[in-house]
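The values are calculated or read from the model by the stated rules, or taken from the named source; none is laboratory data. As the structure is a prediction and not an experimental result, all values here were calculated from the model. Cβ coordinates were reconstructed from backbone atoms using ideal geometry, including for glycine residues, and neighbour counts include every protein chain displayed.
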Amino acid sequence: MKKHTYRAFTFSLILTLLLVALAPVAGASAPATQPVIKPSVWGHYLGGAAAPLHPTSFQVVAEGLNNPRGMTFGPDGGLYIAEAGVGGSTCFTFPDGSQVCWGYTSQVTRVLNGQQTVLGPALISLSTPDGEAVGVQDVAFDPGGHLFGVVGLGADPALRDPLGFLGADGMNFGQLVAFHEDGGWQNFIDIAGYEGVANPDGGVLDSNPYALFAYGDGFVVADAGGNDLLHAWMTGTISTMAVFPDVMVEFPPGSGSMIPMQAVPTSVSQGPDGAYYVGELTGFPFPVGGANVYRVTDSGFDTYASGFTNILDTAFDPEGNLYVVEMAHEGLLSGSPFGALYRVAPDGSKTMITGDLFLPTGLAYGPDGALYVAEYGVVPGMGRVVRIGITDSVTVEPDTAIVGETVTVHAHAMNDGGAAMGVMHIVPIDHNLVSYVDGSAFGGAFPISIPLGEALRLFQAGGEKALRAASATSTVVAVAWIGDQAAGEEVHFGFQAKVELGAAGAGVTFMLHSYQMNTEIASASSVLSVPALHDYQEVLQDGVNGYSGTSDTFLDAWMPMMPYGADANFYVRQPGVKSALVQFDLAGISSVAYVSQAQIGVWVTYSSGNPVDMSAYGVLKPWSEAGATWMEADAGMAWETPGAMGPSDRSSTAADRTSVGGSGRWVWFDVTDLAQMWVMDPTSNHGIVVMGDGSTNAELEFTSSDYIVTFVRPQMKVIYQAP
């Protein structure tokens, strides 16, 4: 940022990035009257308090900081915070009576395992009498785990002349510094020195290294004073990556007069595409919505996201979402101390996460998936870092399902901050893909029949009572949980849903949205995989198309220890004298198949005359064709009740029933539900047992899988859809 005189030289975030921005660029005409922004513009919000007064629903992880700036996470999992400090005891008074003081009070604070410690010794800091300062502006780790930082300046690099008022200490400003393992530091690369010689934008000399990114071979530095992005190699060589030009803006609004506005780059982050993303504070007149995020590559730069106001920091998450912190959401000239945090999705959509941050100046994305924001960034001793928990999660059990299957959706919302009042967690349901299972909501949740947007409006207007009154009376389109969450409280709710045909091949994305005061504070998603389906039909019969997976026999109460598995025929006799066991191996059918119809057919070769009333039950206990008898399912393994009649031997409900008299015909049993279970879980496939239920003496003879004529052997027809 360019300026003309030492009298315009300022040293805190507000004074280096705000007052300096008020000065016109060389050759430009200054407005007739320029606003004077002083630290006291924020004072009435604090009332002289010694600690932050603004309440927060976020968890405070560090406090008592002196002018916190940029932050980063280290390889040890700790959060490293740059503090610009509070100047010192050596002072200089300008001819107009204004004063600055400097000393070694800037530092880096680490927060690890809940403990807040200072890395020392301190670095140089310069401040105004109000306590706002310039010092360490940002910190970053290189891939080798080494910590580096940048120390600001906010003036012509010549101000650092050892013969000037700063003396030998002056050369410690405008530097990229390296920190040692013992906490010591040294000047590593002279950023301001490069600006003083190269002056990339050709204007009045000014340098204020403000943001830092470290990579394997060097660094990328955003210089807020030089309005440029620099590349610094480990060797000390520096080159210019981009110069951000002034833009003409109207001031005063509606006047038709245009003045130049500087970019003032204050952040740099590397995106998932390898490009560098630079956020700008902007210079005077700080128009609301006038700040951009630029995407910088070797071939130049363009605007990636726009419509922000006074950007101070940026960060990416692993999914490619860009987070942007605005220091003053309503603009630096508004007097409002509240900043905002935005998320910019990879598709460019922009969502405000919160607009309730007090003078935020730094941002970091944590390894725990939370956002860490430095607040009270220009108030000495009151600076703090808050954790904004991005802790929503959704799981679906199972995570792969076929059409017709029921899944359970689990929604978790963990409040890692302070008490959160009036929270709504909601999971929309696309009834074209899944349908809500009546009565399945749990964990204090309830179904509603109104869309998400309408639910938000209703909740805002009438609260929980109004939204509950919209409980499902027709198609359920969402399941919601409403209430207050205490600090550390986790909400777990969910519901069951049946997968519909529309989901086949497309899958289902379940989204959990969390709102507080109608602002989305967290979200998460989980994808249910639903394979695409194709139509199939199988006819399984021993000796046909190479199939040999049929097992069959019969159980005879008159010969309780006799096995009949090798016989060519089996029998069913009522009342409960002889029962048949039939099983088909379904290993050739996909375990994710959706069975629409399944039948087992047996051929009657003889009838004693009277009709036989028969019921087919699913068998629950493994049995063998060679060893099954009236008493045993296999040699040495007894039925719970002889004849496979016990509750652990067979299901309690018949799959199908029929009454048959006469011979020379097929008898079919509907086993669709059993077949669905068998293909999903082959270990459950023990076939069916067919029992005679009638009270009269009657018997039927059937052909077995060992019968000499192939086409009358038992067969199973399965119609299904599968991937």
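Against the conditions (1) in contact (Cβ under 8 Å) with a residue 40 or more places away in the chain; (2) farther than 21 Å from A62 by Cα; (3) touching a Leu at 6+ places or on another chain (Cβ under 6 Å); (4) surrounded by 22 or more Cβ atoms within 10 Å (Cβ to Cβ), F316 satisfies every one except (4). Criterion applied to E319, E250 was being acidic (D, E) and within 32 Å of the chain's Cα centre (by Cα), and the one residue passing it is E319.
Of T710, T703, all but one fail to be closer than 15 Å to S551 by Cα and surrounded by fewer than 15 Cβ atoms within 10 Å (Cβ to Cβ); the exception is T710. Restricting segment 293-313 to residues that are crowded, with 22+ Cβ neighbours inside 10 Å and polar (S, T, N, Q), the residue that is farthest from K350 (Cα to Cα) is N310.
Only residues that are on the phi < 0 side of the Ramachandran plot and either in contact with a Gly (Cβ under 9 Å, 6 or more places away or on another chain) or not in a loop (DSSP other than H, G, I, E, B) (or both) were counted in segment 432-476, giving 30. Counting the residues of segment 375-395 that are under 22 Å from the mean Cα position of the chain (by Cα) and either free of Cβ contacts under 8 Å to residues at least 40 places away in the same chain or under 21 Å from D138 (Cβ atoms) (or both) gives 4. Residues in segment 368-378 include at least one that is in contact with a Pro (Cβ under 6 Å, 6 or more places away or on another chain), surrounded by 21 or more Cβ atoms within 10 Å (Cβ to Cβ) and in a loop (DSSP other than H, G, I, E, B). Among the criteria (1) in the same structural domain as Q496 (by TED's automatic domain parsing); (2) outside any strand (DSSP E or B), the one V407 does not fulfil is (2). Only strands (runs of 3 or more DSSP E) whose full extent lies in segment 75-179 are considered here, and none of them has at least 2 residues that are small (G, A, S) and within 29 Å of the chain's Cα centre (by Cα). Selection of segment 333-350 for residues being within 29 Å of F284 (Cβ to Cβ) and surrounded by fewer than 19 Cβ atoms within 10 Å (Cβ to Cβ) yields L333, S334, G335, S336, R343, G348, K350.
Would it be correct to say that P143 is assigned by TED's automatic domain parsing to the domain that holds P209 and touching a residue at least 24 places away in the same chain (Cβ under 8 Å)? In short, yes. Residue pairs whose Cβ atoms lie under 7 Å apart, separated by 6 or more positions or on different chains, with the first residue in segment 250-268 and among the small types (G, A, S) and the second at pLDDT below 95, are G256/E250; S257/E250; S257/F251.
Only one of the numbered conditions (1) assigned by TED's automatic domain parsing to the domain that holds W623; (2) over 29 Å from S591 (Cβ atoms); (3) among the polar types (S, T, N, Q) is not met by T475, and that is (1).
Yes/no per residue for (1) of a type in the set (V, I, T); (2) surrounded by fewer than 21 Cβ atoms within 10 Å (Cβ to Cβ); (3) not in a strand (DSSP E or B):
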{"position": "S514", "(1), (2), (3)": "no, no, no"}
{"position": "A532", "(1), (2), (3)": "no, yes, yes"}
{"position": "Q537", "(1), (2), (3)": "no, yes, no"}
{"position": "G543", "(1), (2), (3)": "no, yes, yes"}
{"position": "Y547", "(1), (2), (3)": "no, yes, yes"}
{"position": "S551", "(1), (2), (3)": "no, no, no"}
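The requirement of being assigned to a strand (DSSP E or B), β-branched (V, I, T) and either crowded, with 24+ Cβ neighbours inside 10 Å or outside the structural domain of T303 (by TED's automatic domain parsing) (or both) is fulfilled somewhere in segment 259-271, by at least one residue. Of all the listed residues (Y515, Y547), the sole one being aromatic (F, W, Y), within 51 Å of the chain's Cα centre (by Cα) and in the same structural domain as E464 (by TED's automatic domain parsing) is Y515. Contact map, segment 111-128: first residue not assigned by TED's automatic domain parsing to the domain that holds A62, second residue modelled with pLDDT of 95 or more and acidic (D, E), Cβ cut-off under 7 Å, separation 6 or more or different chains; the map is empty.
Does segment 584-599 contain any residue that is in contact (Cβ under 8 Å) with a residue 40 or more places away in the chain and closer than 21 Å to E699 by Cα?
No, that holds for no residue.
Return yes or no: is G70 modelled with pLDDT of 95 or more, outside any strand (DSSP E or B) and buried (at least 19 other Cβ atoms within 10 Å of the Cβ)? Against the criterion (modelled with pLDDT of 95 or more, outside any strand (DSSP E or B) and buried (at least 19 other Cβ atoms within 10 Å of the Cβ)), G70 does not qualify.
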